[in-house]
Each structure stands twice: as C-alpha cells, then as structure tokens.
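K.L.:
Supplied in structure tokens, the structure appears directly below.
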Amino acid sequence: MFAVVPDPIPARMKGLNRAEICDANFQQFVREWGGPIGAAPPDDAPILMGSALDARGFRELFESQLISRHLDLMARVLRVQNKVFYTIGSSGHEGNAMVARATRHTDPAFLHYRSGGFMAERFRKLPGMDPVMDSALSFAASADDPASGGRHKVWGSKPLWVLPQTSTIASHLPKALGTAMAIGHARRIGQPLPVPDDSLVVCSFGDASSNHATAQTAFNAAAWAAYQGLPAPVLFVCEDNGIGISVKTPEGWIARNFAQRAGVDYIAADGLDLAAGFGDVQRAVEHCRRSRRPTFLHLRTTRLMGHAGTDFEIEWRALEELCAVEASDPLLRSAAIALESGLLAAGDILSLYEATRARCFAAAEAADRRPRLTSLAEVTAPLAPYSPDAVLAEATRCVDADVRAAAFGGDARLPERQPPRHLAIQLNQALHDVLLKYPEALLFGEDVAQKGGVYTVTKGLQKAFGGRRVFNTLLDETMILGMAQGYANMGLLPLPEIQYLAYFHNACDQIRGEAASLQFFSNGQYRNPMVVRIASLGYQRGFGGHFHNDNSITALRDIPGLVIGCPSRGDDAAMMLRTLMALAKVDGRVCALLEPIALYMTKDLYPGDGAWLTTYPPPGQALTLGEPRVYDDAASDLLILTFGNGVPMSLRAARTIQAEQGWSVRVVDLRWLLPLNEAAIARHAAECAHILVVDEGRRSAGVGEGIITAVVEAGLGATPLRRVVGADTYTPLAGAALLVIPGEDDIVTAARALASG
C-alpha cells in the first residue's frame, strides 16, 4: 500500500467520481510526502538500491505512465461533451510500459485494451512520433487517426508494429501465437521476414480473459509447439488486476493455473512498482527472445476508475474496497520512488503532472477539430479492396514452362494434357500449381499431409513440396485459423484447410472478428491474406449427420469483406483457386473456397455419361471475381439460379422441365457467393419469364435471400419466382438427410407451380 484515502472521504471530496478521486489522491500524496528524500542518482545508476531500472529509464517510464493516466482522465471529462468516444481506460495498468521498454518496436504486439502505458513508451522507440496526439485522434474518432482512420479507438501503429484490433475476449491470442511461430517457419523455408529474425511477439490480456476458450486454445497450442521443439517466441502478458468487469478472479488463480503449465515458462513481475518490477519484466523478455519458447509474464496490476466510464463501481463495490484499490495506484508508487530517490522534487512532479494534463487536453481539443468520417464510402474504403486488372494479371501469371514441366514429372504429365477428371483431382492439380507458383504459400490443417486429406484432395503435395510447406496441425480449428493470420502477418501466403464446414463454426470469430476486420481497423495498413479451403455442403451418401453434411453458409456470408467461392466442377475449382490466391496476394483479401464434398468424386451428370469430368484449364486461365457459368444462355422461359450441388441437380431437372412444360431452361451457376454478382443476377432475370432459386441452405438463412433481393431491387419483383430451399433443421443421418435438403423432384415441382400460375 502506498497511500490510503481517509475513511470517511473528506467533505471536499464528496460527490466526486472515482476518476476525480484518483486525480486528487495523486496530488495530495505528492504534496504531503513525508518520507525520505535521497540524493538524485546519475542517469545510468539504479533508481533505487538493487533495482534493474536506471534513473533515466525510470523517468521515461514515469512520463509514459502520466501520459496514459491523463489520456484516461481527459476521456472521462470530454466524453460528456461528445469530443471523445471511448472511456475504457488503462488506469492501474500503467506498468505495462515496462514491457514496451524491454522489447523492441519491431517485436509485433497484439495488445489488451488497457495498454496506454505500453503505447506511450513504445513511441519512444522511433523519433518524431507523438503518442498523445495520435491517441487523441483515435479517442476522437478522427479520420486522421493514424491507427484506424477513425473507425474505432484502437491501440495500433504501423511503424511501431502494433497491429490494431478490437478483439473480443482474448480472440487475439491465437493469431499472436501464429505470428510467433511464423517467424521461425519463414526462415526454415527461406522466405524473407518483415521483422528481425530474432523478434518475439508481445500479446497482452487480462486475468479474466485468460479463462476464455480462445485464450486456452492458444496456451495449449503454445505448449504443443514447445513440446515438439518448434520455436514459438510469444510473450503472453497477463495483466492481472483481479477482476473482470465485476467478477473477481479468485486470489492466486492465475499463478496456480500457469506457474506449472508444461511448455509455457512462467515469470511473475510487479506491475505496480517500476523499480521492483522492471528486472523481472526484462528477464521474461530476454528469456523469450533467447529460448524462443512461449513465456507467460504474470504482471500484477490493479484497475482504477471502473471497467469504463459508465461503470459506477460505488453502486456495487464497497467503499472500503474501492479506497484500498485506489491506494495501490501505481502512480503513487512511482511518485514515491521519484521522491525517495531524490530524482524529482514534489514541485517537479506536480509540474510534470499538470503539464501532461494540459498536453492531453490540448491534443484532444485539437483532435476534435479534425475531420471525421462522413460518408459510407469513407467508412468502408479499406474493408474490401479489389484491383481487378492486377488480380487478373496475377491469377493468370504462369511460372516458367520448363520449371512447371519438371515439377509435374515431364511435359507429357502436365495436368492439362491428361484426360478429363473429377473435381477432387483437378483441385489437387491446382493446389500443386499454386504451391509451385507461390514459394511463400503454406498448406496446412488436420490430415492434409501424409494422408492427403479426408478426401485425398491434398494427396501427394507433402511429398512434392516437403513437410515445411504442407503439414498437419493439431486438431483445433481456432488455432489453424490463428496460425493462418500469423503466417500472413509475416509475409507468407497461408492455405489453411478446415476439414468440414461444421468445424468452421467452432472457430468462426477468428475470421469474423480478427482476420477479416484487420484491414478495416488498420485503415488498410495491415492485411491477413489467406485462402481458407473448407470441405462443405450436403448430399453425402452413406456418411454424415449434421457435422459432415453442413449447409450453413450464412455464418460465412455475414462476414464483411470476406470473398466466398463455391465451384461445382473441376475446371471451375482450378480457375477459382487461382483467382482467390491472386486476391489474397494483390489485395490482401481473406477468402474461403467451399468445396462441395458430394461433388469431389462425381463423374457423371447422368449414369455413365462422364459429363461431370472436366479437362484441366492451363495455368494462364482464371476467372473474374463474380463471373458465373451459364448453361444455355439463349433460353428464356425459365431461369434457375443456383450453386454447388444445386448445379447438376438443376441441369437434370431442366431436362424434365423441358419435356413437361416445353420450356427452354437457363441454368446459372453463380460460383461466387460473396459478394454476389447482383448485376449478373438482374441481367439473367430480366431475360427470362420465370425464375427458380435453388439453394441447399436453410429456408431462414441461406444464399437465396440475397439472390431474390437482387432480383427485386432490380425492379423485377413482378416476374414469377419460386425458391427451392433446405428445411430449417439439422441434417439427420443416412437417407433421412435427403429429406431436409432440396432434390431434383422439388425443382421440377416448383417449375410446375410456376407453369400453373
């Protein structure tokens, strides 16, 4: 304890909020200091006897703490004036500035939202940068905010390698670990790194967040990597303030849970005391950098002023408890160190304190006058960049012909010289081509290596490209997608596989909340290029149930900025993969390729005709994003809009409809499910007398709603239209599965209903 506000609170402090009390506490503590005062130490001498922190370092850390504190105090005052729009503060956590001081500005950092001290200190690493003004612009949601361009209050800086994020509970931990693992992996495959090869990754979070499943998967994967001797230099910084909003962390829980965890090295440090804590922080950083092992830094902190500005702790927390928490304010201890060491006199401290306050308020007032985002176009500008000409050029770019021929075993064995094959084989050949084309590409997931995937789509790729580029992961979809983000952060081009669409739902937030949001919240400064392959959809026979016959596409279609492709045949799959890889490479896009399981091995449209086998498109061929495949473009009586498994079903149904109704039938395979090509949908709809939408997704949440909306918004709502769609149910086992998803008979029946008016 450093100081205690008398209880009851003096009359002059009654009616003050807790931020005002903390502010008054500090000033009173400094003015009334009655402890020892030493002779000022030289800059390079320990600030106190036995401390690993020198006087110069202490003064700079203290200044960073004051910046962080006054940004919080400023936010509480100006929020009520609508000049600031964020009040989750860092007060009590200012000791995380020590982590910034002990690390480098090239050590990638994924930060807890209470990281004001860390940011203020890291700004010292590069001259000419202003942590106060940059932070004020972010608090004010100004378009000039260098971190997010006014899209959110985030801690971030491209020059300082702080990747902006608005993580939900601990959802940034998997990508932080993935980034740490990517540092060593890039070296092993000879790819250049954007940071020094002895960098480590800083990842901070709260004690309550450490209990979250997403955090636990990162800790487990870190231990899994360490157990196998894989370098994973991640510094997990648990800022333990003992409470999560209003739920207290049991005393000693973090130490008990992590001090003896195999594979993760534990070091505790006092984040409330710069003189005492810096040596342990420095030791943790040096250990992580030297050993390349996951390191857990348990940093003692406290939480002042509540969870956020709207959290009135006095309503639910005992006054005595609040006073005790406020007495442990790390700024009080820092003031005591400054006075006790003789480095600063009381007047100097108060002058510095008030000068920092004035600086923060002046920056906030200036930021309030700067422009804010005022149009939808400004808001969404970094969300989904698309450079069509550059993407097409990249998608059709070919490797040297002799190199490619050698890779496939000779010119005669090139895939385009082989007879027509089914989707799984053509996709395998396409993956071979893209791994050859992109030496920075990595293909990984469960069972993708020696086994070649559950459906043999990746068969032979590990043998061709080696275990460093095609490899199995632990069975954890969250970590697979976290690794993908980490590899992307380090300049690699990941091709993660999720074994079944249902398994993606376990890890959805790694794409929704993390990967796809990074360009948006960093104003396009950071990106997570990747192509996620997912074995998907229904119609499997003899195997399945809802975990293996999953038509829940909506969870993906709801993710802003994501690109989703869904081929129904082998040649399309190859060309779409090339386009998706180019989108990732050129524009940094997060992409998903939904591969229909039931069509992997399909050879026939009708029994024995081989009509669903395709030739392999030469590597110079690719598709334009949104480009559909049209069967019988001249037909005008009935338009069927569909995708995936619906394509061959619709083609077969079309023959019956033509025989029964005498209608010509145009079938459009959309191929791209996000973004939908609304212009193409409208064009085809305008040219046909009737419309059927065939969607194996569920009635209440599929792709069909988007298709129908495109038709209606094009002014074609009067055109007779019906939807053939899956039922709102989970998929049962065996033949009963076919009762809940559309069949050919359902398409024919819907056409009859259209014909009868």
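Throughout, read-outs are computed from the coordinates displayed, never taken from laboratory work. Keep in mind that what you see is a predicted model, and the values were worked out from it rather than measured. Quick reminder, even Gly has a Cβ in these numbers, built from the backbone with ideal geometry, and neighbours come from all protein chains shown.
K.L.:
Quick one: which residues, 5+ away or cross-chain, put their amide H under 5 Å from the amide H of Val448? H built at 1.01 Å from N.
P.N.:
Hits under the 5 Å cutoff: Gly453, Thr473.
K.L.:
Using the Karplus curve 6.51 cos²θ - 1.76 cosθ + 1.60 with θ = phi - 60°, what ³J(HN,Hα) values do you get for each residue of the stretch 406-421, in whole Hz, with x for Gly and Pro?
P.N.:
3J(HN,Hα) across the stretch 406-421, in whole Hz: 5, 5, 8, x, x, 4, 5, 9, 4, x, 6, 9, 8, x, x, 9.
K.L.:
So, one more: Compute the Kirkwood hydrodynamic radius of the stretch 105-217, taking the inverse of the mean of 1/r over all pairs of distinct Cα atoms, and give it in Å to one decimal.
P.N.:
For the stretch 105-217, inverting the mean 1/r across all distinct Cα pairs yields 15.0 Å.
K.L.:
If you don't mind, another one. Under the rule a/c < 1.5 gives rounded, and otherwise a/b versus b/c splits prolate from oblate, where does the stretch 608-757 land using the Cα gyration tensor?
P.N.:
rounded
K.L.:
Quick one: Karplus J couplings for the stretch 363-378, per residue in order, coefficients 6.51, -1.76, 1.60, θ = phi - 60°, nearest Hz, x for Gly and Pro?
P.N.:
Coupling constants for the stretch 363-378: 5, 5, 5, 5, 5, 5, 8, 7, x, 10, 5, 10, 9, 4, 4, 5 Hz.
K.L.:
Next up: Figure the gain on full extension for Val77 and Gln418 (residue separation times 0.36 nm, minus the Cα-Cα span) and round it to one decimal in nm.
P.N.:
Between Val77 and Gln418, full extension yields an extra 115.6 nm.
K.L.:
In terms of modelled amide H atoms, which long-range or inter-chain residues lie less than 5 Å from the amide H of Gly242?
P.N.:
Hits under the 5 Å cutoff: Asp207.
K.L.:
What length, rounded to one decimal in nm, is gained on full extension from Glu340 through to Thr656, with 0.36 nm per residue of separation minus their alpha-carbon distance?
P.N.:
Contour length minus the Cα-Cα distance gives 104.6 nm.
K.L.:
Normalised by the number of residues in the stretch 430-569, what is the relative contact order in percent for Cα pairs under 8 Å and 6+ residues apart?
P.N.:
Relative contact order here is 21 percent.
K.L.:
Let me ask something else. Give me the distance between the Cα centres of the stretch 365-429 and the stretch 324-338, rounded to whole Å.
P.N.:
54 Å
K.L.:
What FRET efficiency do you get for Ala327 and Leu230 if R0 is 45 Å and r is their Cβ-Cβ distance, rounded to the nearest 0.05?
P.N.:
Rounded to the nearest 0.05, the efficiency is 0.50.
K.L.:
Take the Cα radius of gyration of the stretch 337-412 and divide it by 2.2 N^0.38 Å, with N its residue count; two decimals is plenty.
P.N.:
Compared with the compact-globule rule of thumb, the stretch 337-412 sits at 2.64.
K.L.:
Which ³J(HN,Hα) values in Hz, rounded to whole numbers, follow from the phi angles of the stretch 93-103 under the Karplus curve 6.51 cos²θ - 1.76 cosθ + 1.60, where θ = phi - 60° and Gly and Pro get x?
P.N.:
For the stretch 93-103, the Karplus curve yields 10, 4, x, 5, 4, 4, 5, 5, 5, 7, 9 Hz.
K.L.:
So how do Trp253, Trp612 line up by other beta-carbon neighbours within 10 Å, fewest first?
P.N.:
Trp253, Trp612
K.L.:
Another question, then. Could you work out how much longer the chain between Ala718 and Asp632 gets when fully extended? Use 0.36 nm per residue separation minus the Cα distance between them, nm to one decimal.
P.N.:
28.6 nm
K.L.:
Moving on to the next point. Restricting to Cα pairs below 8 Å that are 6+ residues apart, what does the relative contact order work out to for the chain? Please round to a whole percent.
P.N.:
Averaging sequence separation for qualifying contacts and normalising by length gives 12 percent for the chain.
K.L.:
Take Tyr503, Tyr616 and order them by how many other Cβ atoms sit within 10 Å, fewest up front.
P.N.:
So the ranking, lowest neighbour count to highest, is Tyr503, Tyr616.
K.L.:
Describe numerically, in nm with one decimal, the distance between label points set 7 Å from Cα along Cα→Cβ at Arg188 and at Arg31.
P.N.:
For Arg188 paired with Arg31, the spin-label model returns 6.2 nm.
K.L.:
Nearest 5 percent is fine: what portion of the DSSP beta bridges confined to the chain is antiparallel?
P.N.:
Once the DSSP bridges in the chain are tallied, antiparallel ones form about 20 percent.
K.L.:
Still on this model: Only helical DSSP H runs with n ≥ 4 go in: add -39500 (n - 2.57) per run for the chain, normalise by residue count and round the 222 nm mean residue ellipticity to 500 deg cm²/dmol.
P.N.:
-11500 deg cm²/dmol
K.L.:
Can I ask one more? Quick one: divide the alpha-carbon radius of gyration of the stretch 388-434 by 2.2 N^0.38 Å and tell me what you get.
P.N.:
1.27
K.L.:
Averaged over every viewing direction, what's the projected area of the C-alpha convex hull for the chain? Give it in nm², one decimal, please.
P.N.:
One quarter of the hull surface, i.e. the mean projection, equals 35.7 nm².
K.L.:
How would you rank Val379, Val202, Val748, going from fewest to most other Cβ atoms within 10 Å of each one's own Cβ?
P.N.:
Val379, Val748, Val202
K.L.:
When you count, for each residue, the other Cβ atoms within 10 Å and take the mean per peptide, how do 658-664, 264-270 rank with the highest first?
P.N.:
264-270, 658-664
K.L.:
Between Asp54 and residues 5 or more places away or on another chain, which pairs have amide H atoms under 5 Å apart, with H built 1.01 Å from N, and which residues are they?
P.N.:
Amide H neighbours of Asp54, under 5 Å, 5+ apart: Ile47.
K.L.:
Still on this structure, I have one more. Rounded to whole Å, give me the distance from the Cα center of the stretch 504-552 to that of the stretch 638-703.
P.N.:
Result: 25 Å between the Cα centres.
K.L.:
While we're looking at this one, here's another question. How many angstrom separate the Cα center of the stretch 58-92 from the Cα center of the stretch 99-154?
P.N.:
One Cα centre to the other: 13 Å.
K.L.:
Then there is this: Using the crude model of +1 on Lys and Arg Cβ and -1 on Asp and Glu Cβ, and no other charge, please compute the dipole size for the chain relative to its Cα centre, in debye to 20.
P.N.:
That gives the chain a dipole magnitude of about 1000 debye.
K.L.:
Right, here's the next one. Quick one: compute the contact order of the stretch 550-693, relative version, from alpha carbon pairs under 8 angstrom and 6+ residues apart, as a percent.
P.N.:
It rounds to 28 percent for the stretch 550-693.
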